[in-house]
Amino acid sequence: MSDGRFYLTTPIYYVNADPHIGHAYTTIMSDVIARHRRQRGDDVFFLTGTDEHGSKVAESAAAAGRSPREHADLLSERFRALGTELEASNDFFIRTSDAEHEQVVAQVLSRLHESGDVYKGSYGGWYCTACEAFYREEELLEGRMCPIHRTPVEWLEEENWFFRLSAYRDRLLALYASEAPFVLPETRLNEARRMVEEGLEDLSISRAQIDWGVPVPWDPDQVVYVWVDALFNYYTALTYARPGEDLVERFWPADLHVMAKDILKFHAVIWPALLMAAGMAVPRQLFVHGYVLKGGEKMSKTAGNVIDPFPFIERYGIDPLRYYLMREVSFGEDGVFSAEGFEARYTGELANELGNLLNRTVSMIGRYRDGRVPSDPGDDDELASEVATAVSAFCREMDQLALTRAADVVWGLVRRLNRLVEERAPWTLAKDPDRARELDQALYSLAEGLRAVAVMLSSIMPGSMARALEALGQPGGAIEMDVAGWGNGVADAVVAPTGPLFPRIEDEE
Ligand code: MSP
């Protein structure tokens, strides 16, 4: 687990097409983890960026009538803009066409070469450009189709440089047997183990027929295979993200790489083997999530079923999208994105359950206590202990990267507080001066419970929860997890009614 520093990454996205909800999903989930680690006091470095070399990008550039560089500049900007819209708190955005990245890739490649596990050979195989990967005949679908994209593969035969991946079998199996699981969820770890047990072929790590890439240092007629170039971004970024600072010393190896299952083999098999060969420490853990589906299929450019996240953000703001994805697509499994599902959770959960609860609480404090939260917390031990339990369960789920379960825990507390409003009926208590202390306690409990909710949800809905804390009289409120617990906040605070957190969105039709 973490030793106070936490380095996490998203995959770097191909700049062959516009970003969609699938990319947004990975970035958002990673961002939730990054923000939560910061709330726990860790020194966090969060990296995302774009993967720009190789034939996939070169071909899409050609199809658009642009040079690869122009195309990459344009598309990379869209991914960067997506990150901004998503309120991703990444500390750096890497592009594999950065000169600094290219230089360090060349250095690392030379180290690999010197390891003795790189040799020249010739290879013929079925290549899928969308995957940027070779397949064996028996892995293909009928009609020689790529098993992932269901598009035709092509026969490619070249003299290339090879990496002796096959020699890493035992070391990889030992890595998979380590006590802290190298890959989560466990099913994906087992999948990686099976791939290795079934036998590894050596990996071609250069290409002769394209020139959009990093030249192989000892053989400049070839460029480095795009996947090798891309994987090393996780390392190269640390060498130049903060000029003058040695981030490698501080953050290497990565604590967590987040990705979907489509690129498991690259990260769980090829990546650690490359690092071992180069004499570098391997990452601590990978988290492999499922697919965001649309109409039962993986959302992807190839399937032609992509949903553009920007209109949702424009209409609702970013937080509802972050919340919806976290709740709906169980982290680690596939899940369906639908506009109807999104609207149902927006109205049912965000507007009604959470937004109204906050609104009612703040306005009752306004009405019955002149806008000041009672200073005496009373002795609501039961609720205090429920809040403490929720906060520790939330942190436990987050530690296990059970993000969706963590969100469920908070929602349990939101529902508990809604029941509390009905049970205590402050409007009845307010009519009876003898019950003033009960009323104080009810109002305090609601406000303090809501503060805990807001602190926990801050990683998921940072902007809205900052507003919620402000409404509860905690402007610029602390969101460190260790102040989430009962009794650290609202006593005597002056509430500040705001407009609804999640306003009703009128249908345009
Ligand atoms: N460039 C490589 C990754 C190199 S990392 C060293 C690549 N790029 S990609 O643009 O195809 O992005 C793949 C990643 O985007 C997935 O692993 C996943 O994180 C995210 N997703 C793309 N579509 C997705 C869904 N439909 N659902 C969930 N995640 C999706 O592979």
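The values are calculated or read from the model by the stated rules, or taken from the named source; none is laboratory data. Everything quoted here is computed from the prediction, not taken from an experiment. Virtual Cβ from ideal backbone geometry, glycine too; neighbours counted across all protein chains shown. These accessible areas exclude ligands, DNA and RNA; they are computed on the full protein's heavy atoms, side chains included. Shrake-Rupley method; radii C 1.70, N 1.55, O 1.52, S 1.80 Å.
Within the chain, the cysteines lacking any other cysteine Cβ closer than 4.7 Å to their own Cβ are C395. Approximating the spin labels as points 7 Å out from Cα along Cα→Cβ, the R150-to-A425 distance works out to 5.8 nm. The amide H of Y13, built 1.01 Å from its N in the peptide plane, has G49, T50, D51 as neighbours under 5 Å, considering only residues 5 or more places off or on other chains. Length available on full extension from S178 to K301: 0.36 nm per residue minus the Cα-Cα distance, which gives 40.6 nm. Using a probe of 1.4 Å, the accessible surface attributed to S115 totals some 50 Å² when neighbouring protein chains are kept in position. Multiplying the residue separation of E157 and D170 by 0.36 nm and subtracting their alpha-carbon distance yields 1.7 nm.
Within region 156-202, report the GluC sites (Glu not before Pro) that DSSP leaves as loop and that have at most 16 other Cβ atoms within 10 Å. Can you show the working numbers first?
Details: sites: E157, E158, E159, E179, E186, E191, E197, E198, E201; in loops: E179, E198, E201.
Answer by residue number: E179, E198, E201.
Surface analysis of region 357-483 yields an accessible area of 40 Å² per residue, using protein heavy atoms and a 1.4 Å probe.
Stretching the chain fully between L141 and V248 yields a gain of 34.3 nm (0.36 nm per residue, less the alpha carbon separation).
Dividing the summed -39500 (n - 2.57) terms of all DSSP H runs of n ≥ 4 by the residue count of the chain sets its mean residue ellipticity at 222 nm at -13500 deg cm²/dmol. Summing charges over all other residues whose Cβ lies under 12 Å from the Cβ of I313, with Lys and Arg as +1 and Asp and Glu as -1, gives -3.
With the simple spin-label model, which puts each label point 7 Å out from Cα in the Cβ direction, the D91 to R78 separation comes to 3.0 nm. With all protein chains kept in place, the per residue accessible area of region 210-283 amounts to 30 square angstrom at a probe of 1.4 angstrom.
FRET efficiency for the S67 to N356 pair, using the beta carbon distance and R₀ = 51 Å, is estimated at 0.40. Listed by chain and number, the lysines placed with their C-alpha closer than 20 angstrom to that of K298 are K56, K261, K265; residues fewer than eight positions away on the same chain are left out.
Within the accessible area of region 178-251, what % is carbon and sulfur when the probe is 1.4 Å and the other protein chains stay in place? So the carbon and sulfur contribution to the accessible surface is 47 percent.
For region 23-128, a crude dipole built from +1 on the beta carbon of Lys and Arg and -1 on the beta carbon of Asp and Glu, taken about the Cα centre, is about 200 debye to the nearest 20.
Solvent-accessible surface of region 1-116, taken per residue with a 1.4 Å probe and all protein chains present: 34 Å².
Percent of accessible area on region 339-456 owned by carbon and sulfur, 1.4 Å probe?
46
In this Cβ point-charge picture (+1 for Lys and Arg, -1 for Asp and Glu), region 379-420 has a dipole of about 280 debye about its Cα centre.
Phi-derived couplings, Karplus 6.51 cos²θ - 1.76 cosθ + 1.60 at θ = phi - 60°, listed residue by residue for region 112-117: 4, 4, 5, 5, x, 9 Hz, with x used for Gly and Pro. Mean separation of Cα pairs under 8 Å and 6 or more residues apart, divided by the residue count, gives the chain a relative contact order of 15 percent.
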